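Everything below concerns the one structure shown next.
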Amino acid sequence: MIVSSAHLDDHGVFLEYQLPQTSRRLDAMLTGLDGDRHENAVIVELKQWQKTEECDAEGMVSTWLGGNIRDTLHPSVQANQYRAYLADMHTAFYEGEPPISLSACAYLHNYWPTDADPIFAVKFDEVRMQAPIFSAGNSLDLEDFLVSRLRAGCGVPILERIENSKMRPSKKLLDHVAAVVHGEPRFVLLDEQQVVFRRVLTETKHGWADGTKRVILVQGGPGTGKSVLAANLLGHLSKEGLNAQYATGSRAFTETMRRIVGTRASAQFTYFNSYVDVEPNSTDVLICDEAHRIRKDSSSRFTPRTERESMRQQIDELLHAAKVAVFFIDDLQIVRPGEMGSADLIRNKAKELGAELREYRLDAQFRCAGSDAFVNWIDNTLGVARTATQVWNQKDESFELKVFSSAEALDAAIRQRVSENNSARLVAGFCWTWSDPKPDGSLVNDVVIGDFLRPWNAKPEARRLAKNVPKATLWAHDPRGVDQIGCVYTAQGFEFDYVGVIWGADLRFDPATQDWVADSAHSHDSIVKRGKAGFREFIKNTYRVLLSRGMKGCYIYCVDPETAKFLLSRTEGLALDTPLVDLIVQPPMASGVDSETSTASIAKVIPLQIVPSDKQRPFQNCIPVIDLKAAAGGFGEFQMPSSDAILWVEPPPKIRPSMDLFVAQVVGESMSRQIPNGAWCLFRLNPGGTRNGKIVLAQLRDYTDPDSGAAFTVKRYESIKTAADDGEQANVLVRLKPESMLDGYHPIEIPPDEEHIRVLAEFLRVL
């Protein structure tokens, strides 16, 4: 309507124009001649917003999106970023005599501004000068803006020029990237890194010059400087005027690199899935860092099944896009089934293409205080590689290894290092559920170990976060990240002065077999669990990655005491910060799912006789107490009964001990008609027979308890059946019903198969 009323009748119009090598689309771009017959294009970002709120994050406001109030980019910021991207990356806007002039604006056609409206705040004045906002009340101003740039029409030839021009970074952008990288002290190369860098640089230049497709493979373990070398390669090639791009498979790592180099240089940092439809050899040099994260293909959960079947392998897309492809890789950092990047894969693909292959290796350790011995010790201890270092001798090494007896002590040590101006973070195996933020933007304390409570870092898709919570992509470098725990997916690719590792129960050392046991029951990584055949190796690689993030020290706490003992047995001069002690000291206190709820207020003394350790005969005269950190409505990690139980108690009267019985405390109100908040209860593991009508402890997959957002729940089980064509009754739905004395609790309805639900135990009685 605006175009029509402005009499822009002879103009080119792009709708939903995709920015090349990104997933972003422009709402509209209009083309035409101005009054001086100069070629122009105008980006118009369209919003249906009606109201905005203040947001503390730079360049952002809050508005209603996707059924909730979310933080999002200010429209002028977004439109101007699109303009800057095209101006730096599209030859039509910086080449030619003259290049096409590019402008941007935003049109909020449903928006009526209020007094002191956040979207027109003073802090946005500068960006609104670059990309003005037009709202419902000033559509005539938008017409004037468009007419001033497009009044003479003849827009179709301009549209065709844009369509037929190439995507290639401008010389100004390349100079900027080179200057940033060369000025970054964290990107300085030393010794072996310099040698490999010069060889790789020579090969890339030769490949670009003679037109021969080249594949360069650089292997190296954690801390050998792969990413530093890759960044320097990007800088030097950019300085030479080559279109070099830096791709990874990690959102957190890529976004952090973009933050380091600045907004303008961020266009050179892409993802492995950015090359689905690019022209062959459109990139001079493609630098693929963390290449072990290359996936089978570039599909996502939103890709239709029909399209997935016809997609090329992701490695083929990367090689297709580049004249020269450089892969930095560590085969032992593959941590999930979908990752298939390996040295052998790259070698085989290079051979298929008839490309020249060059291989180099980085061995010198520039992390872990330069200690090759520590990485070798990790590899040997985990059994992922044979190395000479079997025993860690702290007296001979400047790198500090320490094993702690509690998560609290580990956390305190990491915070102490931060207070001394070191970078330090807590990381953990994926052994606890990962919840969405609460309605107020704060994070749920998912990682629960006794009285220790900490949240994971925010989920990547989380938008509206509390002031003290950094985005997932910034967790590694934002000072506030010390208050959250990272997993392998947010920590991989980063390094810190000190790393604190919470070693979960998904990988434990069994003294009876003298081998590592990987337990999927303690893993909350659904993708890794689906890769059953390689589960143990994935988990080993996960801890290898986590343990090798530190430059000055690695601090460890093991949930399983036997694992801690094993680690210490492979050291000299090391002991726990406090001696290993029998954990059977006090009854566990339920921590609950809400950190704001006093644990002491809901904890009760267990109404059973505790059996001293010297008189215990497990499952003969006593049964285990399992600290579920449970709630009727939601709780944390489920722990199988074992000799490592928190404590052992005499069974209730008239109950004979057996290996399927355990005691746990249930916290919450959703089953309060049957199970009082904080009650100690008797459960039977893996109950047989029908479950219909019974109260059960269940694990949910791909679903969460709507009362708490947790993956585990205690509810009454109801099976909904229907008659099949053959007359047999078929189970079509499982309903998990609350029985609360309070309003607001609702049943959970899910499909009945084990892909969605697994019943862990049957509730027997309140003690």
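Legend: distances between Cα atoms for K166/K471; K205/K351; K438/K694; pairs beyond 26 Å are K166/K471; K438/K694.
By the count of other C-beta atoms within 10 Å, a proxy for reagent exposure, I334, I502, I610 are ordered fewest to most as I610, I334, I502.
How many percent of the alpha carbon pairs in the stretch 462-543 exceed a separation of 17 Å? Summing the P(r) tail past 17 Å for the stretch 462-543 gives 57 percent.
For the stretch 58-130 versus the stretch 667-687, the inter-centroid distance based on Cα atoms is 53 Å. Would you please classify the overall shape of the stretch 205-302 from the alpha carbon gyration tensor, given that a ≥ b ≥ c denote the square roots of the eigenvalues, rounded means a/c under 1.5, and beyond that prolate means a/b larger than b/c while oblate covers the rest? Because its axes are fairly even, with a/c under 1.5, the stretch 205-302 counts as rounded. Each residue in V766, V196, V418 was given a count of other beta-carbon atoms within 10 angstrom of its own, and listing them fewest first yields V766, V418, V196. With a sphere of radius 10 Å drawn around the Cβ of A407, what net charge do the other residues whose Cβ falls strictly inside it have (Lys, Arg +1; Asp, Glu -1)? Taking every other residue near A407 into account, the sum is -2.
Judged by the ratio a/c of the largest to the smallest principal axis of the C-alpha gyration tensor, the stretch 371-572 counts as oblate, that ratio being 1.5 or greater while a/b is no larger than b/c.
Only the coordinates and a few stated rules stand behind these numbers; no lab work does. A quick note: this is a predicted structure, and the numbers were derived from the prediction, not measured. Neighbour counts run over all protein chains shown; Cβ positions are idealised from the backbone, glycine included.
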